[in-house]
Each structure stands twice: as structure tokens, then as C-alpha cells.
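Since the structure comes first, as C-alpha cells, the remarks are kept for the end.
The values are calculated or read from the model by the stated rules, or taken from the named source; none is laboratory data. The structure presented is a predicted model; accordingly, all values stated were derived computationally and were not measured. Reconstructed Cβ throughout: ideal geometry from the backbone, glycine too, with neighbour counts over all protein chains shown.
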Amino acid sequence: MDYNFKETMNKPERLAPGHRMCAGCGGTIAVRNVLRGLHEGDKAVIGNATSCLEVSTLMYPYSAWEDSYVHTAFANAGASMAGVEGAYKALKKRGKIDDTYKFITFGGDGGTYDIGLQSLSGAMERNHDMVYVCYDNGAYMNTGIQRSSATPMYADTTTTPAGTVGHGKEQNRKDLAAIIAAHNIPYVAQTTFVQNFKDLHIKAEKAIYTPGAAFLNVMAPCPRGWRYNTPDIMEICKLAVDTCYWPLFEVIDGEWVLNYEPKKKLPIEDFLRPQGRFKHLFEPGNEELVARIQEETDRRWEALKARCK
Amino acid sequence: MATKDRLSGNEAVAFALKQINPDVFPAFPITPSTEIPQNFATYVSNGEVDTEFITVESEHSSMSAAIAASAAGARALTATSSCGLAYMFEPLYIASSDRLPLLLAVVNRALTGPININCDHSDSMGVRESGWIQLYAENNQEAYDNLVQAYRISENPAVRLPIMVCQDGFITSHAVQNIELLEDEAVKNFVGEYEPEHYLLNRDEVMAIGSYGVSDYYMEAKRAQAEAMLNVPSVVLEVGKDFEAISGRSYGFFEEYKMEDADRAVVVIGSAAGTGKDAVDMLRESGEKVGLIKVRMYRPFPAEALAGALKGVKAVAVLDRAESYTNCGGPLGADVMAALFRARSQALAVNYIYGLGGRDITVKDFAKVYEDLAEVVRNDSAGDTYRYLGVRE
């Protein structure tokens, strides 16, 4: 697929500036670039689970959204968009509207992996013509950096603080993209901010214009929660991909496709070291913990490659 | 021409929905309301309606999808009971604060603890402060009639609030009774087309709904919601009057049964009113001046009108089919007593909890209540105002 960086970036913004998200927030980068996948002239209804994104972009009486936008609650972004899509079908059938609308809903990992999983699963299984986008920053950032099932092992969060005995989150992160792929929907993809957004752009466009349900899992770093130097977000994303912590893949009608294989797979340490949430892992005596993360990363990477063959 | 039929309460509601042919119906089954979506699914499958019927995975989602469909510009609804309604607790408040017209067909059932599938009002009483209009029915005819009137009330521009139409689980929902059904065309014309002013799928403007309302705005939003609720009573009466014109059946805030000269009265909600009326008839035959008030519109609460209707009464028994654990009675009791207090009524009032988890209430039970009220009048004292009826102590 052709990708012109300049042209893509010059498309009119559908999330206006002036919202209250943090400087350098990965969430808004995810949103703006997903929405660039919409063709000009096509209308959209944007949905949102309660999240940083919601409370910061729709603070009464302001809206940062150029399209129609609906937020209801935390646990129900999937069901809410299903209702909008149902209304669209009903009104279209009855000749009350004739425009083309696309339906895109955003949730953080808390609203997607955890509290909203049931609602998401239902919406995916029913195959509504919608895209669910998870902007995955690996913790409940809106309430102040509590662990989620997307939080990587040993990350220091406010509910899994690294202490004299505890090493941060004890468990592995959930593989949500695989769970959604198991719904056998037409399109699932995992991406982040690399290659001048080419990977994300192509996947967003595919997701939006594939009839039926589509799911995008976008790693969206949070400078507050991850505690890296804010301007280094693109470097962090590249390291996530090159260490194979965050592989780029698609599942198209059940076929797994690996989109990127690093020429030189970097050690996981390179991804962990710049982040304050993993600082405790680099204290003397914790080498074993880093080794365990490496082991788990390798295991998952090999499993993914096997699926993609 | 209206047609006579025999239907259960659930069948009557599903039939009314078929006649209305709403845009979107997200549904999740729960006893005893299951037949409503189930019967409706058959209408969909046979092409008798062209509603988008969305079989969601929970009641939280059925309410959420209905809210979003309404926000998108559709006429939407769902149906539920008991724990399903409890599971909707969060989105119920969202529906009303978003000022979305929306219908919820409630088939009243006890809330779990212990699990029980039979009738009481703990489910809808538990959400009486959610900002929804609540109408209750005594029988299948009223369930049908309330449903036909519901959208007209909910969609009125001065109101724009969601509405619950409640009927008693099994007693009304499953018992087959005679019913008079309106012609399809009559219902269609009565309900009319839904023409929302602002909605997500409006080609001429974008709309954002579900704002974060900080302390600077939250209270004004709630006040505006209360203002809309203040507009409900006159709309309910107006719609009731229009409905009477097409059906011959009249509806207001409550029904007064033999209250003209009554010195003792019972106030009750739902199917038990039918049993109570039998007791009134029986006692009237032996010359006792007893009457009954059946509350139809519980939210908003018609406090002033109700106190007016109880003006000449010496003693009142309020019957609640729900506990509220205040140690002084149930929710209807609290509301009626507050109404009497505001009206500076001299009536002595007592409150009974009855019928929890489907416990039967009989004519004999009502006769006992009227007998108790006679004692209250004789003693010129209400005595214990927090009582139970039909329970093993």
C-alpha cells in the first residue's frame, strides 16, 4: 500500500488541539493517526470508554472532536458503539439518513483488557461494522498508574509498587490481540508508532474499511506512567518493536501475518532501561528478573512466529 | 376498531412493541421478562417489524447500546427484570442525565439474596432515584396501555427523559387475561414518528455526548434534569387524555377506588391493587367506608395530588412490595407519609411490607389491613408504623 508521510500528516486533524491531554501523550498520537485512516468526506462517530482521553477531550462545554462523539461509561465502549451502529442501520433502512458513516471507538487498556472486555467481546462476536482501538499504555493511567492486565511483568505501578520484598507486578501481561483474534473477526492488528506511522496508518485504514468488526491494539506510551524522557517516545516505540516486546502483526480472516522482523533482535534490557517503572530491575541482585522478562518475551515471539508461518 | 384477545402481560408488551416498530432493541434475557425479547425476535424473524434487534451479552450492554442508539437518533428500548436492572444501575443514570428518550420494559422481580425469580418491587424501587420516569401497571391491559403511551411522554421536548414501564413478574407477566388491543394504525398514529432535535447521525451538525462535567457545571446539569422531571406530570396527563380519546380508558397519576367517602384507605402499587379492590368491595357490602389508591406514576411522585386524594381519610395503610432497611418502612411508605406531612394531613399512617419474593397477598390479608386501620382510628394512634404482612415471625 502506498504511503506518503507528508500527505498523510497534512490531512485535516479530526482531534483538535486545545484538549487537556499531557504533553507527549501516546494516547492522542494514537487517536490522531488512527483517524487519518478515514477517507476525506466520510463521516464518523467516535466512541470512547471513560479514560484520560475522554475526560481530557470532552470537558463541558468543550469538545476537541471534529466528528460526532459518544461516551457513556467505562465498561461499555463496545456495546455503546454497537448501539450507534444499530441506529445507523435502522435509520438507513428506513430512509432517514443517506450518508456513509464509520464507527471507531477508543478505550485505554483498563477499559479494554479489563473492565470492558465483556462488552468488547460481545461487540466483536456480533461482528458490528466498527473498529475498536485500544490505546494500550499498560496501566490505569487516568486514576494514577495502577496495574492492569496489560501491565508488563515487574513494572512498578501504584498498586504493584516495587518495594523491599515486591518486585512490581508479579504476573505476565494478557495477550489481548490473540484473544480478539480468537473471535474470528475479519481484522485484528497490533501496531505502534514506528516507520513514520506507516504501519499504524495502513492498519487503521484497513480496519476502518474492512466490513465487519475490526480491532487495533496500539501501544501508546505514557510518559507519566512509564517515566521515560518525554521527547523520546518514538525511540521507546522503536525499542519495543526491535526487542520484540511489541511485535507488529495482523490477523486477516484468521490468517496471522508478521509485519516486521528486526534484522537484529535487541535484548529486552534496551527497552526496559530508559523507563523509570523498571528502574528497580537494574539494582544489583535483580539480574534474574530481567532474565525472566527476556525469557517470556522470547517465548511469545517464537510462538507468534510459529503462528505466522 | 379495537380487538379483544387473551394475552399475558409479556405478550401484551411485545405486541405493543410490534405495533410501535421501534428502531433499535438491544436485548438480554432474564426471567420473568425474557418473553418480551423472545416474542419480539419472532416478529423480527417473520418480517413483521424491521427493528435492529441486537442480542447483546449482558444487561449493562443492553442499556448501554440502547442509550447510544438513542443518542444516535433512534427510537430505542430494552427490557429486563431484577438483577438485570441492578446490573444497569450505572447506565440508567447516564440515560437520564443525557436527557435521552428511551423505554425500559421492566417485569418486576425480587433482587437476589436469596436468589428468587418471583415478584416484588425491590428492583425498580432500587433505581427510583435514577432520574427515570416510572409507570406501574395493575394488569396486562395497563401494561399494554402504559407502553403505548410511554414514548409520547419520554420524547416530549419538555421532558426528554427515559421511562420505565413496570409490571409484576409472573402475576401479570405470565398470567393470561382478557385484553383489548388497539388497531396497528391507531397505535402508529398515536405514537408518531420520532424526530430528534440533536443526534449523532445528523448530517447537518456533529454532536458530542457524555461530557465530563466538573463542579462548575455538574449541579446545573442535575438541576436541569430536575426541571425536566417537573414537566412530566402535565405531559402524563395530556398523553393520558389523548389515549382515552382513542381507547376509552383513562389514565392519570393514580387510580382512586371507592375513595369518595372513604375514612380508611390503602395505597398500593401493581397487581396487588386488584386483590385490594376485591377486599374493598367485600367490606363495602357490610357498610365499611374503605377505599384504595393504586399509584401508577411513582416517579415523579404525585405528592400533592395524592395527599389531596387522601384528604378526608382518618387512617392510611401504605403497602410496599420492597424493603428499604430504614427501620421505618418501605419506599412508597416514606413518600406517602412525607406527602401527608407536607399537606399537614391529620391522617394516621402505617406502612406494611408485603409480598416479597412472590409471597401471595390475599383478600383476607387486605381485610386484615383495613381491620388494623379501624383499630388505629379507634385508638387515635398509629401504633407501630412499620409492619409486615403475611410473614412468619
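For segment B:21-34, the criterion of a residue being surrounded by fewer than 19 Cβ atoms within 10 Å (Cβ to Cβ) and more than 26 Å from A:T72 (Cα to Cα) is satisfied by at least one position. In this structure, is B:G357 surrounded by fewer than 21 Cβ atoms within 10 Å (Cβ to Cβ), in contact with a Cys (Cβ under 9 Å, 6 or more places away or on another chain), in a helix (DSSP H, G or I) and not assigned by TED's automatic domain parsing to the domain that holds B:D145? The answer is yes for B:G357. B:H198 meets all of the listed conditions (1) part of a loop (DSSP other than H, G, I, E, B); (2) more than 14 Å from chain A (Cβ to nearest Cβ) but one, namely (2). One residue stands out among those in segment B:31-66 that are under 17 Å from A:K89 (Cβ atoms) and among the charged types (D, E, K, R): the one that is farthest from the other protein chains (Cβ to nearest Cβ), which is B:D50. Pick from segment A:56-72 the residues that are outside any loop (DSSP other than H, G, I, E, B) and facing chain B (nearest Cβ under 7 Å): which of them is surrounded by the fewest Cβ atoms within 10 Å (Cβ to Cβ)? Among those residues, the one meeting the criterion is A:M59.
Among the residues of segment A:22-45, is there at least one that is polar (S, T, N, Q), touching a residue at least 40 places away in the same chain (Cβ under 8 Å) and not in a loop (DSSP other than H, G, I, E, B)? The answer is yes; a qualifying residue exists.
Each residue in segment B:108-138 was checked for being in contact with a Gly (Cβ under 7 Å, 6 or more places away or on another chain) and either under 18 Å from B:P29 (Cβ atoms) or surrounded by fewer than 22 Cβ atoms within 10 Å (Cβ to Cβ) (or both), and 7 pass.
The one condition from (1) over 28 Å from B:L356 (Cβ atoms); (2) within 14 Å of chain A (Cβ to nearest Cβ) that B:R152 does not meet is (2). B:A74: within 12 Å of another protein chain (Cβ to nearest Cβ) and touching a helix residue (DSSP H, G or I) at 6+ places or on another chain (Cβ under 6 Å), yes or no? So B:A74 passes the test. Within segment A:156-187, the residues that satisfy the criterion of being among the hydrophobic types (A, V, I, L, M, F, W, C) and either under 18 Å from the mean Cα position of the chain (by Cα) or surrounded by fewer than 16 Cβ atoms within 10 Å (Cβ to Cβ) (or both) are A:V165, A:L176, A:A177, A:A178, A:I179, A:I180, A:A181, A:A182, A:I185.
Can you tell me how many residues within segment B:280-295 are surrounded by fewer than 23 Cβ atoms within 10 Å (Cβ to Cβ) and either small (G, A, S) or within 27 Å of B:N231 (Cβ to Cβ) (or both)? Number satisfying all stated conditions: 2. In this structure, does B:Y370 turn out to be of a type in the set (S, T, Y), surrounded by 20 or more Cβ atoms within 10 Å (Cβ to Cβ), out of contact with any His (no Cβ under 8 Å at 6 or more places or on another chain) and farther than 19 Å from B:M259 by Cβ? Judged against the criteria, B:Y370 is not a match. Against the conditions (1) farther than 26 Å from B:L230 by Cα; (2) more than 20 Å from the chain's Cα centre (by Cα); (3) assigned to a helix (DSSP H, G or I), B:V313 satisfies every one except (3). Report, by residue number, each residue of segment B:35-56 that is buried (at least 24 other Cβ atoms within 10 Å of the Cβ) and either part of a helix (DSSP H, G or I) or not assigned by TED's automatic domain parsing to the domain that holds B:R109 (or both). Within segment B:35-56, B:I36, B:P37, B:F40 qualify. Hey, could you check segment B:220-261 for residues that are more than 29 Å from B:V336 (Cβ to Cβ) and of a type in the set (A, V, I, L, M, F, W, C) and say which is farthest from the other protein chains (Cβ to nearest Cβ)? Result: B:A245. Note on segment B:81-101: residues that are surrounded by 24 or more Cβ atoms within 10 Å (Cβ to Cβ), within 14 Å of another protein chain (Cβ to nearest Cβ) and at positive phi total 0. Right, A:P284: at pLDDT 95 or above, within 17 Å of the chain's Cα centre (by Cα) and assigned to a loop (DSSP other than H, G, I, E, B) or not? Spelling it out, it is not the case that A:P284 is at pLDDT 95 or above, within 17 Å of the chain's Cα centre (by Cα) and assigned to a loop (DSSP other than H, G, I, E, B).
Taking segment A:73-98 as the range and being at the interface with another protein chain (Cβ under 7 Å from one of its Cβ atoms) and in a loop (DSSP other than H, G, I, E, B) as the test, the residues that pass are A:A73, A:A75, A:N76, A:I97.
Conditions tested, residue by residue: (1) within 30 Å of A:F5 (Cβ to Cβ); (2) of a type in the set (S, T, Y); (3) within 14 Å of another protein chain (Cβ to nearest Cβ).
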| residue | (1), (2), (3) |
| --- | --- |
| A:T100 | yes, yes, yes |
| A:F106 | yes, no, yes |
| A:A123 | no, no, yes |
| A:D136 | yes, no, no |
| A:A155 | no, no, no |
| A:P161 | no, no, no |
| A:E170 | no, no, no |
| A:P186 | yes, no, no |
